[in-house]
Amino acid sequence: MRNVLAIGAHPDDIELGCGGTLIKHVASGDTVTMLVVTKGEVGPGLTSARISEQERAQHIIGAHELVWGDLPDCKVSLHELQLVHIIENLIKRIRPSVIYTHSQQDSHQDHRAVALGTFGAARQCSNILTYDAPSSMHFTPNVFVDVTSTLDKKIEALQCHASQVAASEMVNAERVRNTAGYRGHEARCGAAEAFASIRFVFDV
């Protein structure tokens, strides 16, 4: 059994980037912790609704714990040191075997800040994978996870974020399926989530 940490800047980021992979971790007996750095208060929907949506999505994924970073939405980069300490303290507590986080190659400033904060906080961790997102730029994956069996459940978790589904094409179920199909084509499987490795130790 492994401890897994998934980090996202906003509610729904983790589900979009690695939801299918996390569901596979849970099915394998791994303990998954989700860290959501902000409550997405600048985006569509009431903050209270976004909290409830994220909690429902956590339940569908089967994550053991949901942790809130409580940093301000769209201003994460202004709290760089606090962000690093939040992630560091969580790493010390759960000792993750693998960490999933945003890519630095992203058009959203909060996503870039979370990526860099993770890299600093997880400097002693062996396995760090960055995930794809609708806002990614020039994302070049080199690790793929076959999520053919968990794609429906990933979309179910995403649909918990009703305030975002109603306001953004980025979380449209058809687009999510199309993206998974494209990544699956690259990986030679039915559907996949794609990652770029910062460090990845292959356990032979």
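The values are calculated or read from the model by the stated rules, or taken from the named source; none is laboratory data. Here the structure is a predicted model, which means the values were calculated and not measured. Glycine gets a Cβ as well: all are built from the backbone with ideal geometry, and neighbour counts include every protein chain shown.
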| query | Of all residues in segment 12-34, how many are in contact with a strand residue (DSSP E or B) (Cβ under 7 Å, 6 or more places away or on another chain), among the hydroxyl-bearing types (Ser, Thr, Tyr) and either modelled with pLDDT under 95 or surrounded by fewer than 24 Cβ atoms within 10 Å (Cβ to Cβ) (or both)? | reply | 2
| request: Please note which strands (runs of 3 or more DSSP E) are completely contained in segment 1-73 and include at least 3 residues that are under 25 Å from ARG177 (Cα atoms) and out of contact with any Cys (no Cβ under 7 Å at 6 or more places or on another chain). | output: 3-8, 31-36
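Which one of SER107, SER126 is in contact (Cβ under 8 Å) with a residue 60 or more places away in the chain and of a type in the set (Ser, Thr, Tyr)? Explain how you work it out, then say what you get.
Values: SER107 fails: in contact (Cβ under 8 Å) with a residue 60 or more places away in the chain.
Among SER107, SER126, only SER126 is in contact (Cβ under 8 Å) with a residue 60 or more places away in the chain and of a type in the set (Ser, Thr, Tyr).
Can you name every residue in segment 169-204 that is hydroxyl-bearing (Ser, Thr, Tyr) and surrounded by 15 or more Cβ atoms within 10 Å (Cβ to Cβ)? First the steps, then the outcome.
First, pick out the residues of segment 169-204 that are hydroxyl-bearing (Ser, Thr, Tyr): 179, 182, 197.
Within segment 169-204, THR179 is the sole residue that qualifies.
Can you confirm whether ALA191 is in contact with a helix residue (DSSP H, G or I) (Cβ under 9 Å, 6 or more places away or on another chain) and either of a type in the set (A, V, I, L, M, F, W, C) or modelled with pLDDT under 95 (or both)? Spell out how you get there, then give the answer.
Numbers: in contact with a helix residue (DSSP H, G or I) (Cβ under 9 Å, 6 or more places away or on another chain): yes; either of a type in the set (A, V, I, L, M, F, W, C) or modelled with pLDDT under 95 (or both): yes.
When the stated conditions are applied, ALA191 passes them.
Please tell me if GLU88 is more than 18 Å from SER126 (Cα to Cα), assigned to a helix (DSSP H, G or I) and at pLDDT 95 or above. So that I can check it myself, show each step before the final result.
Numbers: more than 18 Å from SER126 (Cα to Cα): no; assigned to a helix (DSSP H, G or I): yes; at pLDDT 95 or above: yes.
Criteria not met by GLU88.
Would you say ARG112 is in contact with a helix residue (DSSP H, G or I) (Cβ under 8 Å, 6 or more places away or on another chain) and either among the acidic types (Asp, Glu) or under 24 Å from ALA194 (Cα atoms) (or both)? Write out each step before concluding.
On the way: in contact with a helix residue (DSSP H, G or I) (Cβ under 8 Å, 6 or more places away or on another chain): yes; either among the acidic types (Asp, Glu) or under 24 Å from ALA194 (Cα atoms) (or both): yes.
Here the answer is yes, as ARG112 does meet what is asked.
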